[in-house]
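Next up is a structure, given as structure tokens.
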Amino acid sequence: MNEANGTLLEIENLRVLYEVRGVRAPAVDGVDLTLRAGDALGLAGESGCGKSTLALACLGLLPRNATVEGSIRFLDTEVVGAKPGRLRALRWAGISMVFQGAMNAFNPVRRVGDQVVEAILLHEGVSRSEARSRMQELFEHVGIAPRRAADYPHEFSGGMRQRVMIAMALACDPPLVIADEPTTALDVMIQAQILNLLAQLREERNLALLVITHDLSVLAQVTDRVAVMYAGRIVEEGSATELLTTPRHPYTKSLVSAFPVVGDPASRGIPAGLPGDPPDPAARPPGCAFHPRCPAAFEPCDTIDPVLERHGSRLAACHLVAEEEEA
Amino acid sequence: MSAQATRSARSVRLTRRIEAFKSSARLFASNRMGVAGLAILTVFVILALFADVLAPESRLSVTHAPGAPLEPPSAQFWLGTDELGRSVLDLVIQGSQISLLVGFLATAISILIGALVGITAGYFGGWTDVILMRLTDWFLVVPFLPLAIVLAALLGRGLFVIAFVIGIVTWPGTARVVRAQVLTLKERPYVERARALGASDRQIIGRHILPNVFPLIFANTILVVAVAILTEATLSFLGLGDPFSVSWGSILESAFAEGAISLGAWWYLVPPGLCIVLVVLGFTMCGYAFDEILDPRLRER
């Protein structure tokens with residue numbers, strides 16, 4: 001049923017609670033997301049706003065102290081509460097992941113090629129030599145000489161490792177790739193190369209991408225849609241260009257203004273920051289979770305929790321946006 | 001193109017492996033202690049391997065002993081004879097076979113149990129960890145020699161029993177060390193990546209955990225061999241060894257029983273004792289040398 005309209009991933013009212021010393025704190029607090037085949041969605045937000053937790057939940061990889069409520073449907077599989085065998089089959093063949101800090105995502109004592117071969121062999125009943133030749137094709141595809149497959153991870157540079165990581169993510173030809181901070185710790189040149197590679201692969205393979213980052217410039221390059229998260233919820237969602245050029249939610253505004261604008265020397269000097277920290281998930285402020293830091297907070301913000309509503313082509317959860325729309 | 005790439009990859013891999021081996025060998029060769037240890041061990045292993053040629057069992061016959069009882073060293077019997085007139089040199093050579101065999105066998109058992117318990121406890125955690133670690137603690141605090149003596153007395157006396165007993169009492173150290181390492185390894189991002197890949201626990205342990213704890217297990221093995229040989233000698237000396245085979249411990253036992261000390265028959269006591277000391281020293285020296293190779297921080301600059 002889902003396949004018919006092209007829906008790949010459907011997240012409904014997802015809540016993830018971590019239990020820490022007897023206190024259950026929601027890291028993700030009621031998120032709805034839909035991803036269709038070939039979509040590229042960016043998930044942005046500060047550290048600790050629940051982006052990575054959301055990604056791990058899609059693969060059923062959360063630690064033992066986490067409880068998941070709501071629903072994550074991938075094609076016709078319900079991920080929440082799925083049996084371990086079912087999950088293992090889904091991982092990588094259905095959804096694969098480009099991990100943040102590819103430096104550490106490789107086993108240092110095994111050759112990189114073998115680690116990619118491992119991914120193929122885990123899911124597909126092919127012979128070792130067939131898996132090897134596929135691995136070599138993948139290496140070539142991401143721009144690495146296949147003979148480097150015999151090297152160990154420490155013999156690769158950061159950018160090359162991230163390329164191999166991407167090759168690994170594509171090993172089983174999954175319809176969805178989650179990229180968690182794919183370019184963190186890479187210099188700008190390499191970052192651009194990696195992003196181009198992701199965009200190119202997406203086009204070639206009709207790949208759906210879920211890109212998680214705090215770096216908005218990354219999202220502008222590879223995604224069509226962006227969802228901004230704050231304190232475990234989506235506060236604004238819309239097309240990437242729209243959201244990044246004319247943000248409406250004060251939080252998105254401050255994220256955008258924290259980046260210097262090319263050609264605007266003023267913004268380069270002192271990028272506007274946002275004082276304060278995101279709230280402790282165990283002690284969520286009443287009303288809008290963002291109001292203690294919000295520069296535009298007004299009367300209803302500290303009592304009434306805004307809901308995510310459609311405003312034109314975008315979704316936003318903010319009293320101010322709602323008021324502006326009405327006016 | 002692809003086949004060619006495979007071949008060159010394979011040849012690159014082979015030359016690299018040879019290079020890596022050469023550089024390790026060079027490091028080992030530059031370590032005087034390691035070379036000395038290895039030299040000692042080589043001599044004893046050769047002795048053990050050719051024991052039946054150097055000291056044929058026929059010469060160890062109790063009824064047709066070649067010499068007179070307790071003869072001091074002479075041109076014919078370099079290390080004198082025992083109370084039955086057998087050459088002590090022959091006994092020591094034959095004994096090397098059993099001492100080393102039991103030592104290696106016991107080590108294999110000890111390392112196997114230790115690694116298995118350590119990896120299981122560290123990887124799965126929770127109750128598995130609690131139960132396995134309390135068991136380990138129990139084996140650690142129970143006095144080692146009395147436990148070995150009781151087990152050996154209960155299970156009977158035979159080569160394999162002795163090896164088993166030694167294995168059973170020496171594994172906890174290995175288990176502790178391996179568990180500690182596994183605890184840090186299982187939190188590494190590549191283990192999480194493997195899990196995201198859809199790998200099962202068995203695959204993660206086999207492909208990611210085991211290769212990473214292997215150097216540790218290897219270094220531990222060498223030290224356990226020394227302990228195992230020493231324990232075998234102790235048990236045999238206490239009369240708990242295999243009565244039908246000669247080992248260094250059992251030579252010491254008969255020397256002691258015959259009153260070699262009060263008779264002044266030093267040639268009967270000293271050689272097996274010295275052999276034990278030398279072999280244990282050899283293993284310990286090699287162990288330290290490997291430690292230095294595997295852990296660059298210990299290398300002298």
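The values are calculated or read from the model by the stated rules, or taken from the named source; none is laboratory data. All figures in this text were calculated on a predicted structure; none of them were measured in a lab. Don't worry about glycine lacking a Cβ; one is built from the backbone with ideal geometry, like all the others, and counts go over all protein chains shown.
Residues being in a helix (DSSP H, G or I), surrounded by fewer than 19 Cβ atoms within 10 Å (Cβ to Cβ) and not aliphatic (A, V, I, L, M): count how many of those fall in the stretch B:75-116.
Matching residues across the stretch B:75-116 total 1.
Could I ask something else about it? All but one of (1) within 8 Å of chain B (Cβ to nearest Cβ); (2) outside any helix (DSSP H, G or I) hold for A:GLY125, so report the exception by its number.
(1)
Of all the residues that make up the stretch B:242-252, how many are assigned to a loop (DSSP other than H, G, I, E, B) and within 14 Å of B:GLY158 (Cβ to Cβ)?
Number satisfying all stated conditions: 5.
Can you find a residue in the stretch B:163-178 that is surrounded by 17 or more Cβ atoms within 10 Å (Cβ to Cβ) and touching a strand residue (DSSP E or B) at 6+ places or on another chain (Cβ under 9 Å)?
Checking the stretch B:163-178: not a single residue is surrounded by 17 or more Cβ atoms within 10 Å (Cβ to Cβ) and touching a strand residue (DSSP E or B) at 6+ places or on another chain (Cβ under 9 Å).
Would you say B:GLY158 is more than 22 Å from the chain's Cα centre (by Cα) and surrounded by fewer than 18 Cβ atoms within 10 Å (Cβ to Cβ)?
no
Now a separate question. Quick one: is A:ARG205 over 17 Å from the mean Cα position of the chain (by Cα), closer than 30 Å to A:GLU10 by Cα and of a type in the set (D, E, K, R)?
yes
Still on this structure, I have one more. Which of the numbered conditions does A:ARG284 fail, given that it passes all the others? Conditions: (1) in contact (Cβ under 8 Å) with a residue 24 or more places away in the chain; (2) within 24 Å of A:ARG225 (Cβ to Cβ).
With (1) in contact (Cβ under 8 Å) with a residue 24 or more places away in the chain; (2) within 24 Å of A:ARG225 (Cβ to Cβ) applied to A:ARG284, the lone miss is (2).
For residues in the stretch B:253-293 being of a type in the set (Asp, Glu) and part of a helix (DSSP H, G or I), which is farthest from B:ALA233 (Cα to Cα)? Let's see the steps before the verdict.
Step one: list which residues in the stretch B:253-293 are of a type in the set (Asp, Glu), which gives B:253, B:258, B:291-292.
From what's left, part of a helix (DSSP H, G or I): B:253, B:291-292.
Details: B:GLU253: 9, B:ASP291: 26, B:GLU292: 29 Å.
Only one residue fits best here, namely B:GLU292.
Does at least one position in the stretch A:169-192 carry a residue that is crowded, with 20+ Cβ neighbours inside 10 Å, assigned to a helix (DSSP H, G or I), modelled with pLDDT of 90 or more and out of contact with any helix residue (DSSP H, G or I) (no Cβ under 7 Å at 6 or more places or on another chain)?
The answer is yes, given that some residue of the stretch A:169-192 is crowded, with 20+ Cβ neighbours inside 10 Å, assigned to a helix (DSSP H, G or I), modelled with pLDDT of 90 or more and out of contact with any helix residue (DSSP H, G or I) (no Cβ under 7 Å at 6 or more places or on another chain).
Yes/no matrix, rows are residues, columns are (1) out of contact with any Ser or Thr (no Cβ under 7 Å at 6 or more places or on another chain); (2) basic (Lys, Arg); (3) within 14 Å of chain B (Cβ to nearest Cβ):
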residue	(1), (2), (3)
A:ARG148	yes, yes, yes
A:ARG163	yes, yes, no
A:ILE166	yes, no, yes
A:VAL177	no, no, yes
A:GLY232	yes, no, no
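Being within 24 Å of B:LEU235 (Cβ to Cβ) and either touching a residue at least 12 places away in the same chain (Cβ under 8 Å) or of a type outside the set (Lys, Arg) (or both) is the requirement here; does B:VAL102 meet it? Let's see the steps before the verdict.
Working: within 24 Å of B:LEU235 (Cβ to Cβ): yes; either touching a residue at least 12 places away in the same chain (Cβ under 8 Å) or of a type outside the set (Lys, Arg) (or both): yes.
For B:VAL102, the condition - within 24 Å of B:LEU235 (Cβ to Cβ) and either touching a residue at least 12 places away in the same chain (Cβ under 8 Å) or of a type outside the set (Lys, Arg) (or both) - is met.
Counting only residues that are facing another protein chain (nearest Cβ under 10 Å) and modelled with pLDDT under 90, give me the helices (runs of 4 or more DSSP H) lying completely in the stretch B:184-241 with at least 2 of them.
Working: elements: B:189-196, B:201-204, B:210-237.
The helices (runs of 4 or more DSSP H) meeting that bar are B:189-196, B:210-237.
Taking A:VAL80 and the conditions (1) more than 8 Å from chain B (Cβ to nearest Cβ); (2) out of contact with any Gly (no Cβ under 8 Å at 6 or more places or on another chain), which numbered condition does it fall short on, given that it satisfies the others?
(2)
Would you say A:ARG110 is touching a Ser or Thr at 6+ places or on another chain (Cβ under 7 Å) and within 30 Å of B:THR15 (Cβ to Cβ)?
no
Here is a yes/no grid of residues against (1) small (Gly, Ala, Ser); (2) surrounded by fewer than 17 Cβ atoms within 10 Å (Cβ to Cβ):
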site	(1), (2)
A:GLY42	yes, no
A:CYS49	no, no
A:GLY60	yes, no
A:PHE74	no, no
A:THR77	no, yes
A:ALA82	yes, yes
A:GLY85	yes, yes
A:TRP92	no, no
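Report yes if some residue within the stretch A:101-112 is polar (S, T, N, Q), surrounded by 18 or more Cβ atoms within 10 Å (Cβ to Cβ) and not assigned by TED's automatic domain parsing to the domain that holds A:ARG202; otherwise report no.
Of the residues in the stretch A:101-112, the ones polar (S, T, N, Q) are A:104, A:107.
Next, only the ones that are surrounded by 18 or more Cβ atoms within 10 Å (Cβ to Cβ) stay: A:107.
Next cut, not assigned by TED's automatic domain parsing to the domain that holds A:ARG202 only: A:107.
Taking every residue of the stretch A:101-112 in turn, at least one turns out to be polar (S, T, N, Q), surrounded by 18 or more Cβ atoms within 10 Å (Cβ to Cβ) and not assigned by TED's automatic domain parsing to the domain that holds A:ARG202.
Would you mind finding the one in B:GLU19, B:GLU57 that is surrounded by fewer than 17 Cβ atoms within 10 Å (Cβ to Cβ), acidic (Asp, Glu) and free of Cβ contacts under 8 Å to residues at least 12 places away in the same chain?
Details: B:GLU57 fails: free of Cβ contacts under 8 Å to residues at least 12 places away in the same chain.
On inspection, the qualifying residue turns out to be B:GLU19.
For every residue, the table says whether it meets (1) at the interface with chain B (Cβ under 7 Å from one of its Cβ atoms); (2) farther than 14 Å from A:ALA150 by Cα; (3) free of Cβ contacts under 8 Å to residues at least 12 places away in the same chain.
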position: A:ARG86; (1), (2), (3): no, yes, yes
position: A:ARG91; (1), (2), (3): yes, yes, no
position: A:ILE95; (1), (2), (3): no, yes, no
position: A:GLN100; (1), (2), (3): no, yes, no
position: A:ARG110; (1), (2), (3): yes, no, no
position: A:ALA119; (1), (2), (3): yes, yes, no
